[in-house]
Amino acid sequence: MHNVTRRTPAVRSIGLCLLLVLAAAWAGTAAQPEYAVIIVIDGFRNDYMELYDTPNLHELAKEGVRFEAATGVFPSNSTVNQTSLVTGAYPETTGIPNNSRYDRNADRIIEPLRDNRAVTVARAFRDAGLRTASVSHYMLERDVDLYSRNLGEGLLWLRGNSPPNLFVYLNLAVDEAGHGGGPFSARTAEAVAQADAEVGIILDTLRARGIYDKTVIVVVSDHGMSPADGQPIRPTLEYQMWAHGFTVAKDNAAIRADTDIVQIQHGSAFLYLRDGRFDTQREEELLAALRQIVGAVVYDREALRELHTDPDLVGDIVVAPAAGYTLYPGRANSGIHGRPAESQIALILSGPGIRKGVTLGEAEIVDVVPTLLALFDLPLPATVDGRVLTEALEPSS
């Protein structure tokens, strides 16, 4: 069985001028918020709301808009999606391609990645003279007025005399539970219930402070989670490369003068072809060998650009297990992501300017920031790639 080497996704490429027109058209919504709360739940599958006890999330969905087919960016890993979430920009714009990357100039793998090139939502709010705060969102730590890793401290800010106009909270526990026990485990059910309880606490804090009706609330995840018990691709990636004469390093200690490929692994395999080791013919030989692997989708540089990522940063070639396949044998009581199969995310919007009790279809993680800025009548930074979700907004008065 030969594998698909390219995928043409249903993506939107909208110019900045059109985005600005859309934002202006919807700036005068029926009610304009004074505050925004973004609750990010790492590794939260969209169907966790049906699988587990989530009364607060269901309440928000009934009061606002829930998207059934929202997706993140490629690949379905945390750092790249968390960056695109808080910037409204694709990886090709942010320069953050994954959880880690190979630096061709330094000839080494680097992580964590924090050198974001796009304007964050926190910076956009601060530039407008508005107060900002975040609990645990590592991509906002340097951009907010107030930062903590303790939700209790964040709740005190919301209760204070001058609540932040933008409050972003990142819950990491659901992702940790999904990795440790799998998405359908008691451990994950407990973490989901706790995350929902935290949502309830934040909502109650807004009500007690008297600003709930003035606050637009976004609940969003960065990627999904799958059981790690899929069928391994065959032959293995390492065997296929070795059998065709390619040398591979998976960590900095293994990189030598004769290393052909540096491989990073985060659910999928990200292959960087080292300078001086490949010409066009040899790269085609590698691609031909990888295309023979059963259960793998092979993305070349052109296909990666179509996914709005930069091959120089994410890898010249990406080998992604198809749905139901994994790179290596796994266990049902653990979880994985990083493949296209985990690209679907949860997305709920509620509050002033948002339609009530509506379920909608497609959206992208990069659409959150432009929609939020449009609600606040704030200018869209030039780095924004997403669109304003006008279908989720109340008609202008």
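When the Cα positions of Ser100, Ala197, Gly88 are compared along the charge dipole of the chain, Ala197 comes out farthest toward the positive end, with charges on each C-beta of Lys, Arg, Asp and Glu. The Rg/Rh ratio of the chain, with Rg taken over Cα atoms and Rh as the Kirkwood radius over Cα pairs, comes to 0.99.
Under the Kirkwood approximation for Rh and a Cα-based Rg, what ratio Rg/Rh is obtained for region 318-397? Display every interim value, and only then the final one.
Working: Rg = 17.7 Å, Rh = 15.6 Å.
Radius of gyration over Kirkwood radius for region 318-397 works out to 1.13.
Restricted to Cα atoms, region 231-335 shows a radius of gyration and a Dmax of 13.6, 43 angstrom.
State to the nearest 20 debye the size of the charge dipole of region 119-189 about its Cα centre, where the only charges are +1 on K and R beta carbons and -1 on D and E beta carbons.
120
Rounded to the nearest 20 Debye, what is the dipole magnitude of region 231-335 about its Cα centre when Lys and Arg each give +1 and Asp and Glu each give -1 at the C-beta? Please list the in-between numbers first.
Values: 10 positive and 15 negative charges, 102 e Å.
The dipole of region 231-335 has a size of about 500 debye.
Think of the chain as having a plus end and a minus end, set by charges on the Cβ of Lys, Arg, Asp and Glu; of His223, Pro381, Tyr212, Tyr212 sits farthest toward the positive end of this dipole.
Report the per residue volume, in Å³, of the convex hull enclosing the C-alpha atoms of region 157-208. Before the final figure, lay out the partial values.
Numbers: hull volume 3.5 nm³, N = 52.
Dividing the Cα hull volume of region 157-208 by its residue count gives 68 Å³.
A P(r) calculated from all alpha carbon pairs of region 170-267, with 5 Å bins opening at zero, reads 2, 10, 13, 13, 10, 11, 11, 9, 7, 5, 4, 3, 1, 0 percent. When only the Cβ of Lys, Arg, Asp and Glu is charged (+1, +1, -1, -1), the dipole of the chain relative to its Cα centre reaches about 180 debye. The Rg/Rh ratio of region 325-370, with Rg taken over Cα atoms and Rh as the Kirkwood radius over Cα pairs, comes to 1.15.
Before rounding to the nearest 500, sum -39500 (n - 2.57) across all DSSP H runs of length at least 4 in the chain and divide by the residue total; then give [θ] at 222 nm in deg cm²/dmol. If you can, show how the numbers build up before the last one.
Working: 14 runs with 123 residues, N = 397.
Calculated from helices alone, the mean residue ellipticity at 222 nm is -8500 deg cm²/dmol.
We did not get these values from a lab; they are worked out from the coordinates using the rules stated. As the structure is a computational prediction, the values presented were derived from the model and not from experiment. No Cβ is skipped: glycine too gets one built from the backbone with ideal geometry, and neighbour counts run over all protein chains shown.
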